[in-house]
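Accompanying notes for the structure given below.
The values are calculated or read from the model by the stated rules, or taken from the named source; none is laboratory data. Only a predicted model underlies this, so the values are computations on that prediction, with no experimental measurement involved. Reconstructed Cβ throughout: ideal geometry from the backbone, glycine too, with neighbour counts over all protein chains shown. Just so you know, the surface numbers come from the protein's heavy atoms only, side chains and all, with ligands and any DNA or RNA stripped out. Shrake-Rupley method; radii C 1.70, N 1.55, O 1.52, S 1.80 Å.
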Amino acid sequence: MPVNAGNDFSSNASKKHNELPQWDFTDWYPDIDSPEFDADFQTLSSLCQEFSDKYKGNVSSLDAASLAAAISEMKAIGALSGKMFTYVQLKKVQDSEKYGQAFESFQSKASPILTTIMFFEHEVMEIPDTTIETLIGQSEDLKAFAPWLEKVRQDIPHTLPLNVEETLSKLRPVSDWVAFYQDVMVDLKFPFDGQELGQGEIMNIITNDPDPDRRAGAQAVFEDVMSQNVKIFARIHNSIMRLNGTVNSDRQFENPWDSRHHSNGIDPAIVDALETSVKDSYERIAHRFYALKARLMGKDHLPVQDRNFNPFETTDGASMSWQDSEELILDAFGGFSPVMAETAQKFFDNGWIDAAPGKNKQGGAFAHPGAAKLLNPMVMTNFRGTPRCVATLAHELGHGIHQYLAAHKGDAIVSTPLTYAETASVFGEMLTFKLLLEKASNDDQKRALLFGKVNDMMNTVFRQIAFYDFEKRNNKMFKETGKPLSVEQFQQNWLESQQESYGDAIPLNDNYGSVFGYIPHFVRTPFYVYAYAFGDALVNALYAVYEEGNVKDFEEKYTRMLEMGGTLKPEDLQDMFGIDIKDPGFWKKGLDVIEAMLDDLENLCDPLLQPEQGVVVAAAPGQSS
């Protein structure tokens, strides 16, 4: 999104960080060491013990009504533990230095308690299929839990003996490495311009600073600090690959990434088709876009720090205020569906958003559903008023709306998998983009908007598949050799996977090889990243259907799709919207939407380029060319 589009961005609009909203925990707890928190912990402990005493060893003998009641009790325990875990995690996100130890302490206390109810799913797996079918037919309450029963029983081939599962839950070996990684990233400091900057601050300069020398300097510092710490990142990645690889092998998954597909409820063939389609389009879309950007910036090649830079944004430090961002997003959501706008309004009004950057605050952005069943989801961003910050806010609010609507419906039965979780977020971004494009009054504004959107799609689709490729290369190598990867092997896999997606327009050097360490998904949720590309392609298809206007009651069906949460199946999408993700040609259709936007962008940019020189023709921002 351009900073001058429709006058929504201005140089004096940005609010100070201390005026930005922070989470309101009034309905949660006064603090982690409060009597209220301790009382809930005691309740959680009692509920787990009572559940174990009541049902352990007896699940196979339960009648339909009793089995439904047991599942409901288990879900209630999950809701309370979700609230408590979410609270301590969010406090750590706000201030890792103050609450980091408290988070670790709570995990150590709570994990053994929750381990005592792990028997339940194991005993459900032991009930014969015919018995399950009979029981479902005898109780409407149990019938409502049929998707959960189906999901649990799909795990049978990949479930280890109960004592092994309980030991893994108590040890939490991967969780400890994730916590260590997060601490390392928060503690990293990047010396620049006489200051010690955090990761978010240095990345903001690399992405948004109008001075090319400052961007280059920030990139050099970023790469240098990452290189200094690359041995730590290599150790973390190797340890997690070893731990996950061992467990996944014991769980009878053929490939390390198959466990992610299983948890997402997606046929691996569908993901393979997505990956192949995106890689096949690297040259005609991604390489072409980066080459266009290089020409627009008067260069033969782009330095890597300019990969995300938007040359059409104004250079006066312009930004959008929090209030204007709120109004824009609510207008965009409301233009599509009152339900979306009303739900988003709750986040703004009730302290469900934490937007202020902080010294010890976690970087990035997310929406957390852990307390959605008892309270509400929570959204986190690090808002600095840039166009990308506004897009990120719309993205995370899309997640939050999805989590809120599904909390007491589909997600109360089965949690939404990562693939479909990205659908609402990307749709929220698309709505915001379309409104800004509609408000654009001249070609300069349209160019800036379209450039920003295509640039974001490069990140959402092509960069994420390149990330997925990097993960697969590492895990293949680890599995084939049975040995940890060297720093040099990580660096080579990173450079090769990224270079293939960038093409000749962005030549990478060896200094970029250690940058892989800053991508948190590789550590927190391995093989998550393809879900972004999945969601983008699905949203492109959904939005095309919406604009065509051939699906009756599209908005109501979209809301119902979000409410279905984890119970949504591919055939539901086909029934509601005529979209078939099992069709091998489906992913090409989503990529065609991006290519069409790139075509439009090139047409808008042609008047700015001198054919004989291939350089940008100077034009004042905001003026029609």
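Out of everything in the stretch 561-594 that is assigned to a loop (DSSP other than H, G, I, E, B) and among the charged types (D, E, K, R), what residue ends up being farthest from Asp411 (Cα to Cα)?
Asp583
Could you tell me which numbered condition Met1 fails, if it satisfies all but one of (1) outside any helix (DSSP H, G or I); (2) modelled with pLDDT of 95 or more?
All conditions are met except number (2).
Would you check which residues across the stretch 361-388 are modelled with pLDDT under 90, open to solvent by 10 Å² or more (accessible area, probe 1.4 Å) and either closer than 24 Å to Gly535 by Cα or of a type outside the set (Lys, Arg) (or both) and list them?
Scanning the stretch 361-388 gives Gln362, Gly363, Gly364, Thr386, Arg388.
Take Gly351 and tell me if it is touching a residue at least 60 places away in the same chain (Cβ under 8 Å), buried (at least 19 other Cβ atoms within 10 Å of the Cβ) and either touching a Ser or Thr at 6+ places or on another chain (Cβ under 8 Å) or not in a loop (DSSP other than H, G, I, E, B) (or both).
For Gly351, the condition - touching a residue at least 60 places away in the same chain (Cβ under 8 Å), buried (at least 19 other Cβ atoms within 10 Å of the Cβ) and either touching a Ser or Thr at 6+ places or on another chain (Cβ under 8 Å) or not in a loop (DSSP other than H, G, I, E, B) (or both) - is not met.
Considering only the stretch 107-133, how many residues are in contact (Cβ under 8 Å) with a residue 60 or more places away in the chain, assigned to a helix (DSSP H, G or I) and open to solvent by 70 Å² or more (accessible area, probe 1.4 Å)?
So the count comes out to 1.
Among the helices (runs of 4 or more DSSP H) lying completely within the stretch 437-518, list those that include at least 1 residues that are more than 30 Å from Leu604 (Cβ to Cβ).
Result: 464-481, 487-502.
Out of the stretch 287-344, which residues are of a type in the set (Gly, Ala, Ser) and either open to solvent by 20 Å² or more (accessible area, probe 1.4 Å) or assigned to a helix (DSSP H, G or I) (or both)?
Ala291, Ala294, Gly298, Gly317, Ser325, Ala332, Gly334, Gly335, Ala341, Ala344
Between a first residue in the stretch 144-172 that is within 15 Å of Gly265 (Cβ to Cβ) and a second residue that is modelled with pLDDT of 90 or more and not in a helix (DSSP H, G or I), which pairs have beta carbons less than 7 Å apart while being 6 or more apart in sequence or on different chains?
These pairs meet every condition: Pro157/Gln252; His158/Arg251; His158/Gln252; His158/Phe253.
In the stretch 588-609, what residues are open to solvent by less than 60 Å² (accessible area, probe 1.4 Å) and at pLDDT below 90?
Gly590, Leu608, Leu609
Of these, Ser277, Ser263, which one is open to solvent by 20 Å² or more (accessible area, probe 1.4 Å) and more than 21 Å from Glu595 (Cβ to Cβ)?
Ser263
Name the pairs whose Cβ atoms lie under 7 Å apart, with the first residue in the stretch 566-580 and closer than 16 Å to Phe554 by Cα and open to solvent by 50 Å² or more (accessible area, probe 1.4 Å), the second part of a helix (DSSP H, G or I) and of a type in the set (Val, Ile, Thr), and 6 or more positions between them or separate chains?
Gly578/Val545
I'm trying to understand the selection: among the residues of the stretch 204-227, which are touching a Leu at 6+ places or on another chain (Cβ under 9 Å) and either closer than 23 Å to Gly100 by Cβ or open to solvent by 60 Å² or more (accessible area, probe 1.4 Å) (or both)?
Val225, Met226 - these are the residues of the stretch 204-227 that are touching a Leu at 6+ places or on another chain (Cβ under 9 Å) and either closer than 23 Å to Gly100 by Cβ or open to solvent by 60 Å² or more (accessible area, probe 1.4 Å) (or both).
Only one of Tyr543, Tyr532 is among the hydroxyl-bearing types (Ser, Thr, Tyr), buried (at least 23 other Cβ atoms within 10 Å of the Cβ) and assigned to a helix (DSSP H, G or I); which?
Being among the hydroxyl-bearing types (Ser, Thr, Tyr), buried (at least 23 other Cβ atoms within 10 Å of the Cβ) and assigned to a helix (DSSP H, G or I) holds for just one of Tyr543, Tyr532, which is Tyr532.
Please work out which one of (1) in contact with a Pro (Cβ under 9 Å, 6 or more places away or on another chain); (2) at pLDDT 95 or above is the condition Gly200 fails and give its number.
With (1) in contact with a Pro (Cβ under 9 Å, 6 or more places away or on another chain); (2) at pLDDT 95 or above applied to Gly200, the lone miss is (2).
Using the structure shown, decide if Gly358 is at positive phi and either in contact (Cβ under 8 Å) with a residue 60 or more places away in the chain or open to solvent by less than 10 Å² (accessible area, probe 1.4 Å) (or both).
It is false that Gly358 is at positive phi and either in contact (Cβ under 8 Å) with a residue 60 or more places away in the chain or open to solvent by less than 10 Å² (accessible area, probe 1.4 Å) (or both).
Any idea which residue in the stretch 165-217 is farthest from Lys109 (Cα to Cα), counting only those that are in a helix (DSSP H, G or I) and either aromatic (Phe, Trp, Tyr) or in contact with a strand residue (DSSP E or B) (Cβ under 6 Å, 6 or more places away or on another chain) (or both)?
Ile202
Hey, Asn248 hits all of (1) in contact (Cβ under 8 Å) with a residue 40 or more places away in the chain; (2) surrounded by 19 or more Cβ atoms within 10 Å (Cβ to Cβ); (3) within 16 Å of Thr159 (Cβ to Cβ); (4) not β-branched (Val, Ile, Thr) but one; which does it fall short on?
If we test Asn248 against (1) in contact (Cβ under 8 Å) with a residue 40 or more places away in the chain; (2) surrounded by 19 or more Cβ atoms within 10 Å (Cβ to Cβ); (3) within 16 Å of Thr159 (Cβ to Cβ); (4) not β-branched (Val, Ile, Thr), just (1) comes out false.
What's the total number of residues in the stretch 546-565 that are at positive phi and surrounded by fewer than 23 Cβ atoms within 10 Å (Cβ to Cβ)?
2
Just give me the residues in the stretch 67-106 being of a type in the set (Ser, Thr, Tyr), at pLDDT 95 or above and crowded, with 17+ Cβ neighbours inside 10 Å, in sequence order.
Ser81, Thr86, Tyr87 - these are the residues of the stretch 67-106 that are of a type in the set (Ser, Thr, Tyr), at pLDDT 95 or above and crowded, with 17+ Cβ neighbours inside 10 Å.
Within the stretch 154-164, which residues are assigned to a helix (DSSP H, G or I) and within 27 Å of the chain's Cα centre (by Cα)?
Gln154, His158
So, Gln464, is that one at pLDDT 95 or above and either farther than 29 Å from Phe145 by Cα or of a type in the set (Phe, Trp, Tyr) (or both) or not?
Answer is yes for this residue.
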